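Structure first, then comments.
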Amino acid sequence: MADFRIPGAGRVNHGKPVQFTFNGKTITGLEGDTVASALLANGVHLVGRSFKYHRPRGILSAGSEEPNALLGVDHGPARVEPNNRATVVEVTQGLKTISQNHWPSLERDIGAINDVLYMLFTAGFYYKTFMWPKSFWNKVYEPIIRGTAGLGKPPVEPDPDTYSSRFAHCDVLVVGSGPAGLAAALAAGRSGAKVFLVDEQTELGGSLLSETDASINGMSGWAWLKASVDELAGMDNVTLLPRTTAIGYYHQNFVGLCQRITDHLSSAPQGAPRERMWKIRAKQVVLAQGAIEKPLVFDGNDRPGVMLASAARTYLNRYGVKVGNSPVVVTSHDSAWLAAFDLARAGVKVQAIIDVRKAVPTDLKATAESLGIEVLAGWTVTGTKGRLRVSSVRAKPIDGGSEQAREFACDALLMGGGWTPSLHLFSHTQGKLEWREDAQTFLPAKHVESSRCAGAGNGEFGLANALQQGAAAGQAAAADAGFSGSGASYEIAGEIALGGTTLRELPTDRNTATAKAFVDFQNDVTAKDIRLAVREGFKSIEHVKRYTTTGMATDQGKTSNINGLLIASDAVQRPAPQVGLTTFRPPYTPTTFGAFAGYNRGRLFDVTRKTPIDSWAEEQGAVFEPVSLWRRAWYFPKPGEDMHAAVARECKATRDSLGIFDASTLGKIEIVGPDAAEFLNRMYTNPWTKLQPGRTRYGVLLGEDGFIRDDGVIGRLSTDRFHVTTTTGGAARVLNMMEDYLQTEFPDLKVWLTSTTEQWAVIAVNGPNSRNLIAPLVEGIDLSEEAFPHMSIAEGKIAGVPTRLFRMSFTGERGYEINVPARYGRAIWEKLMAEGQRYGITPYGTETMHVLRAEKGYIIVGQDTDGTLTPDDAGLGWAIGKAKPDFVGKRSLSRPDMLKTDRKQLVGLLTEDPKTVLEEGAQIVLDPNQAVPMKMVGHVTSSYWSVALNRSIALAVIEGGNGRMGETVHIPMPSGTLRAKVTGTVFYDPENTRLSA
Amino acid sequence: MLLIHCPYCDATRPEVEFAYGGQAHIARPLDPSSTTDEQWRDHLYIRVNPRGIHAERWRHIHGCGRFFNAIRDTVSDKFVTTYKAGEPRPELTEKEGAR
Ligand SMILES: [Zn+2]
């Protein structure tokens, strides 16, 4: 392979070769290389195919703004990641990299046919090309688009790496460690402020790393850099974070930083996180993110070998790599000349500098001539040639005829279109941008956070400006954070003043209709596409962006936005600021999901609440289901049983003799105080004043809108103390709602609310033998029918442990709910299991609980109700205290809409075929023969196989359901339309004889 | 993540400790039964949706548990001030309101 490395040059370690592979071929780079610099050192420019046209693409930049050189990287098993920018991935021994978006190979790619069919793929092609015929969309177009769209292949295995996160606070956060950032950090650090200096690159220094001309305070740039970094590293109050990207800037100086920790190591220390997300709150922020060079827009500006001039300079000075042996430079800005000079001094034969400006600075011209470089001022570039790498460039005088055009053979074309300040983070804060007509760019105007921009971010280019502004910003930031220090001054020598002009497309004598002059390289958007979008009526840049997809790729248009804007503004014939800039959003560069997830994965992804009896259920082989944050035993299969068999057995055992159920997840609120009953009167629909201590009542809670919010049994322990139960999922919501009314609407009431959900374990025993089971164990409570009837509560002891015992039932059988302090939950459960053996005691899970309650027509709030049902709709009108002057939601119940007879009402459904179990959520229609779309009048809310009835049962809400008893309704399903009869909601034991059996 | 000042704790804490509670200064009618359907509808459903200064309720749900009121700018998302429930909505000078 060709060798483009200059021995001893740059900041790479020439003594430490590193082998990695690119498409299976071994490439030797050096420690300190990126994949891009190592590939270029080996003469490789072709690294991928473009997104839409599959055009061969090379390396455009030397930084995180790279739109082209996206590779899949393979750090080992399950550590495969697509779309990594070759310009930021560091080489490690054994790293595998592969190019993307081609088949069968990078050099010969079938998809490149798109390049020939480019007329199909112009602006808005998604909307136009694939519109007709309509029937083709699902079966033909969409699969093809999905099959070919997207770059790279996502990994399929679980991520084996760990990721960490950390909070931090500091006085001054400096983003960017170029000269401006370093000067800011030095000024703030010397004042004693706590400083964080972060930079996305592997090494601190920013543009200084690519700079060899200037000297600072008599030192070379690199010597000053080393001295400065050493000084900062020696300050206890300064934290230096290279390889750390500030990805987002949020309210009140909250900044997200993603630090890369192990990717650059050939072997990572055991247990080290791959990345760390810092969440940092800074008193002051200094943004010193520099600027990104703009490409020039001309036909063929995307061929491999065409790259930014600043990138070529970086590869040369920082990595010791020549990007070619015979480059041509095309520019509208002085800075590109510096790349030509540095290359020429390194022995590269620079063919020509083509500058679109007629008048170029005389000192630059003189230097060029002294280096033997031909200068063509007032010339333009109109096209390039070369299939897999640029081989020649056509240039002509802007004012001259076509006959004056010249063709330059070259192996690289370096372009410089001026600079775009990096204002992404500033924009995250909603900071105002201001269009600067002279510089043809947006600059920061008003800061809304405690932040400052320094250096190129302010549109002030050059080393002297950067150092001065940085030092001033660092000093001011420290002062605002309460630290005083003195400013620093810097003596700069050897710097060249940099100026330039800004163009849209380069002038050309060729047909622009066939030109492929790219603006957005990653999304394959050309200048022509943008002009077409404007012709088709899109006037705002936000619309142009979405129609052409310019700036919408993963690079968020870092190299393309201003070119796109200027072309759109020209096409619309309106000034750029009126066309507007698209919005930058976090993250600044693509960030791994792992970094965002941090520790919150696997078991730590979400809270799993477990009851005191959960461990017993687990030991018994229970199958669990999640219910809000809880995990609950769903059913207890015996060997060989499926869910259906287990549930049938559990149901039968409970109705025949004795079932035991862990109801600990029920929400519980202790309501205490002299006004407790009055508070409940105002909150719940039911009357509470006359409820005697020792008795309970089923309570219904509405929202102020009159719709059911929650329900539960409430027991009165004494005149001033109630034990309230809520639904499992509603506990926190109900307590919050009660607190809200108590604090803000009824502050006159003397009431205290306490969550006791986790303080009580609750064991429900149901079935004809439930009293026989507990009677020998209970002390201090008379369990006789007269003393302790259905809907009672009492305090006493069970098996020697204090208990609040409820007599209640959610199954229709005689039932007790035994509340014991949570720490005794499992012991009492096991005691009951042991004592219950003689009755065939059977533990049951939530599925059986659902079946048994549905047989009785007991609703589950949130399943049979959906936030649009009133008590009357749900058949709970009896629970309304009609004599009460007011309660939450009462006024809404008399609104006209609430009184309509065609409201959806809860009813029972019995399928015509008793073996058919309806699907929950299935839609119900009255006339199955009507045209599609049919009028849907309701849906199935609960549906089960009932062992007790040996048939299916269902609950449903149906418009005017109460008036349809006995009618047949229809449930259209993919396999055919089912028929069911409307019934009442109580299927089993409507006389409630079993409650006391 | 926003920092929010709880006027009861007199402490500034991260947003995750707080829960939003809707528009502030909407008092429940003392006698809802005496309201017309239109008045009750307005009480239930009609809310301002300002671009700019908004008085709203927050609860320090993972702190002291108290509901309080806040003035927040819906454009910048910034809290202008917070104050205890029951206190009148503060009069903002134009400058304070303009963040
Ligand atoms: Zn508080």
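Details
- Averaging the sequence gap over all C-alpha pairs within less than 8 Å and six or more residues apart, then dividing by the number of residues, gives the stretch A:188-249 a relative contact order of 52 percent.
- If only the Cβ of Lys and Arg carry +1 and only the Cβ of Asp and Glu carry -1, the dipole of the stretch A:792-832 around its Cα centre is close to 120 debye.
- Where labels lie 7 Å past Cα in the beta-carbon direction, separation of residue A:113 and residue A:782 in nm: 9.2
- Amide H to amide H distances under 5 Å link residue A:380 with A:396, A:398, where only residues 5 or more positions off or on other chains count and H is placed in the peptide plane.
- Label sites at residue B:13 and residue A:912, each approximated as a point 7 angstrom past Cα along Cα to Cβ, lie 6.1 nm apart.
- The residue A:996 and residue A:623 beta-carbon pair, evaluated with R₀ = 30 Å, returns a calculated FRET efficiency of approximately 0.35.
- Remark: the Cα gyration tensor places the stretch A:295-417 in the oblate category, a/c being 1.5 or greater and a/b not exceeding b/c.
- With all protein chains in place and a 1.4 Å probe, the accessible surface of the stretch A:13-131 carries 61 percent carbon and sulfur.
- Cleavage-rule hits, GluC sites (Glu not before Pro), the stretch A:747-798, DSSP coil, Cβ neighbours within 10 Å at most 15: A:758, A:785, A:786
- Between chain B and chain A, roughly 2300 Å² of accessible surface gets buried, counting both sides and using a 1.4 Å probe.
- Length added when fully stretched, residue A:899-residue A:168, from 0.36 nm per residue minus Cα-Cα: 257.4 nm
- For the stretch A:873-888, the residues whose amide N sits under 18 Å from a probe point set 7 Å from the Cα of residue A:962 along the beta carbon direction are A:873-883.
- List of the stretch B:40-62 residues, accessible area with partners at least 40 Å² below that of the chain alone (1.4 Å probe): B:40, B:44, B:45, B:57, B:59
- From the alpha carbon centroid of the stretch A:817-836 to that of the stretch A:384-421 is 85 Å.
- If only the Cβ of Lys and Arg carry +1 and only the Cβ of Asp and Glu carry -1, the dipole of the stretch A:503-574 around its Cα centre is close to 160 debye.
- Per-residue average of Cβ from other chains inside 10 Å of B:66-77: 2
- Under 27 Å from residue A:396, Cα to Cα: lysines that are on another chain or at least 8 residues apart: A:294, A:322, A:349, A:358, A:365, A:385, A:516, A:528
- Residue-span extension gain [residue A:392 to residue A:157] - 0.36 nm each, minus C-alpha spacing: 80.1 nm
- Summed over the residues of the protein assembly as shown and divided among them, the accessible surface reaches 42 Å² per residue at a probe radius of 1.4 Å.
- The stretch A:373-500: C-alpha pair distances exceeding 17 Å, %: 72
- Relative contact order, whole percent, for chain A stands at 9, derived from Cα pairs under 8 Å and 6 or more residues apart.
- For the stretch A:655-695, the list of trypsin sites (Lys or Arg not before Pro) that fall in a loop by DSSP and count at most 16 other C-beta atoms within 10 angstrom reads A:690.
- Here the sum of -39500 (n - 2.57) over DSSP H runs of 4 or more residues, divided by the residues of the protein assembly as shown, equals -5500 deg cm²/dmol at 222 nm, to the nearest 500.
- When the solvent-accessible area of the stretch B:3-84 is split by element, carbon and sulfur atoms take up 49 percent of it, the probe being 1.4 Å.
- For residue A:941, distant residues with modelled amide H under 5 Å away: A:921, A:955, A:956, A:957
- Proximal aspartates and glutamates relative to residue A:446, as straight alpha-carbon distance under 18 Å, when same-chain residues fewer than 8 apart are discounted: A:434, A:437, A:460, A:480, B:73, B:77, B:96
- Solvent-free Debye scattering, log10 I(q)/I(0), computed from the Cα coordinates of the stretch A:503-574 at q = 0.16, 0.17 Å⁻¹: -0.48, -0.54
- Label zone (residue A:830, point 7 Å along Cα-to-C-beta; backbone nitrogen cut-off 17 Å) within the stretch A:601-624: A:611-622.
- Globularity index of chain A, i.e. its alpha-carbon radius of gyration over 2.2 N^0.38 Å: 1.23
- Extension reserve of the residue A:863-residue A:370 stretch, reckoned as 0.36 nm per residue once the Cα distance is removed: 169.1 nm
- Prolate/oblate/rounded label for the stretch A:681-731 (Cα gyration tensor, a/c 1.5): oblate
- Relative contact order for the stretch A:751-856, counting Cα pairs under 8 Å that sit 6 or more residues apart, in percent: 30
- Residue A:607 versus residue A:437: modelled label distance in nm, points set 7 Å from Cα along the beta carbon direction: 5.9
- Of all lysines in the structure, the ones whose alpha carbon falls short of 24 Å from that of residue A:652, not counting any fewer than 8 places away in one chain, are A:638, A:831, A:856, A:915.
- Residues whose amide H lies under 5 Å from that of residue A:31, counting only those 5 or more places away or on a different chain, are A:13, A:16, A:18; hydrogens are built 1.01 Å from N in the peptide plane.
- For the stretch A:746-816 and the stretch A:572-633, distance of Cα centres in Å: 39
- For the stretch A:139-292, the Kirkwood hydrodynamic radius comes to 17.6 Å, computed from all pairs of different C-alpha atoms.
The values are calculated or read from the model by the stated rules, or taken from the named source; none is laboratory data. The structure presented is a predicted model; accordingly, all values stated were derived computationally and were not measured. In this analysis, Cβ positions are derived from the backbone assuming ideal geometry, glycine residues included, and neighbour counts consider all displayed protein chains. Just the protein is used for accessible areas: all its heavy atoms, side chains included, with ligands, DNA and RNA removed. Shrake-Rupley method; radii C 1.70, N 1.55, O 1.52, S 1.80 Å.
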